[in-house]
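*Asks:* The structure follows.
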Amino acid sequence: MKIGILQTGHAPDAMRPDTGDYADLFQRLLDGQGFDFVTYDVVDMRFPDSVRDCDGWLLTGSKHGAYEDHAFIAPLETFIRDAYAARVPMVGICFGHQIIAQALGGTVEKYAGGWAVGRQTYDWQGKTVALNAWHQDQVITRPEGARVVASNDFCANAALVYDDRILTVQAHPEFETDFTLKLAEVRGEGVVPDPLIAGARTAAAHPIDNKAVAQQMADFLKRNPT
């Protein structure tokens, strides 16, 4: 099964030699699932020719806001709507979660409650799931037809499913704890409040559920082929 990774941002230059880019994180996360991957740097205006070029799509995180004025935003929203109409399955993570919601009629804003950084726990359909998060923006208003499958007190729309065609997650199942802590050093200082960074370092001793969420992502893509 061919999965197209729509890369909506890049990992920090200082980290990329060791970690790879965001697309590499997802390939490692979903290794062993039988997927073949191709990456499109949509943030740099490199788009697929058609929503049918791949069997499924995965939208990455980004440092950009979905509501910001960047050249790639409008064509990406059009691509999302076209893929949804064509019933090509999609998974969106963090920015991907937000831009899909915005493209389909939802609202994304810089959350008045501030940042979520590091390990967070969510009520995921009755189970407690822990993932690393890195965001201030949130989906404030869900699109019509979007169903909540995960939430917590800070983030009401932490994971959404759209008519069994799209699965989106606000947190980062592709972020291992070491990556998140390094990101805090490179992009957090002076931006994210110091107590939140300190809390992320303390919480790093506790396990996260990346593999379980990765399996959900893979199962979703596999059971919804075009």
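*Asks:* With in contact with a Lys or Arg (Cβ under 9 Å, 6 or more places away or on another chain) and farther than 24 Å from I208 by Cα as the only criterion, which of G118, G145, G106 stands out?
*Replies:* Just one listed residue meets the conditions, G106.
*Asks:* Cβ contacts < 6 Å: first residue among the acidic types (D, E), restricted to the range 144-173; second residue assigned to a loop (DSSP other than H, G, I, E, B), any location; separation 6+ or different chain. Result?
*Replies:* The qualifying pairs are D163/G145.
*Asks:* Does V139 satisfy the condition of being surrounded by fewer than 21 Cβ atoms within 10 Å (Cβ to Cβ), assigned to a strand (DSSP E or B), within 16 Å of the chain's Cα centre (by Cα) and at negative phi?
*Replies:* Judged against the criteria, V139 is not a match.
*Asks:* Every residue in the range 190-218 that is part of a helix (DSSP H, G or I) and under 30 Å from P89 (Cα atoms), please.
*Replies:* N210, K211, A212, V213, A214, Q215, Q216, M217, A218 - these are the residues of the range 190-218 that are part of a helix (DSSP H, G or I) and under 30 Å from P89 (Cα atoms).
*Asks:* Just to be sure, is V117 in a strand (DSSP E or B), touching a residue at least 60 places away in the same chain (Cβ under 8 Å) and over 15 Å from the mean Cα position of the chain (by Cα)?
*Replies:* In short, no.
*Asks:* In the range 82-110, which residues are out of contact with any Leu (no Cβ under 8 Å at 6 or more places or on another chain) and in contact (Cβ under 8 Å) with a residue 40 or more places away in the chain?
*Replies:* A86, R87, V88, C94, Q98, L104, G106, V108, E109, K110
*Asks:* If you scan the range 1-20, which residues turn out to be touching a Gly at 6+ places or on another chain (Cβ under 9 Å) and either over 18 Å from H97 (Cβ atoms) or hydrophobic (A, V, I, L, M, F, W, C) (or both)?
*Replies:* Scanning the range 1-20 gives M1, K2, I3, L6, A11.
*Asks:* Oh, and also: Within the range 1-23, can you find the residues that are in contact with a strand residue (DSSP E or B) (Cβ under 9 Å, 6 or more places away or on another chain) and of a type outside the set (S, T, N, Q)?
*Replies:* Hits for the range 1-23 are M1, K2, I3, G4, I5, L6, D21, Y22, A23.
*Asks:* Let me ask something else. How many residues does the range 101-120 contain that are surrounded by 15 or more Cβ atoms within 10 Å (Cβ to Cβ) and more than 22 Å from A85 (Cβ to Cβ)?
*Replies:* Residues flagged as surrounded by 15 or more Cβ atoms within 10 Å (Cβ to Cβ) and more than 22 Å from A85 (Cβ to Cβ) within the range 101-120 amount to 8.
*Asks:* If you don't mind, another one. Taking into account only those residues within the range 95-114 that are touching a Pro at 6+ places or on another chain (Cβ under 9 Å) and in a loop (DSSP other than H, G, I, E, B), which is farthest from D163 (Cα to Cα)?
*Replies:* So the residue we want is G114.
Read-outs throughout are calculated quantities, based only on the coordinates presented, and are distinct from any laboratory measurement. Not measured: the values here are computed from a predicted model. Heads up, the Cβs are rebuilt from the backbone with ideal geometry, glycines too, and the neighbour counts pull from every protein chain shown.
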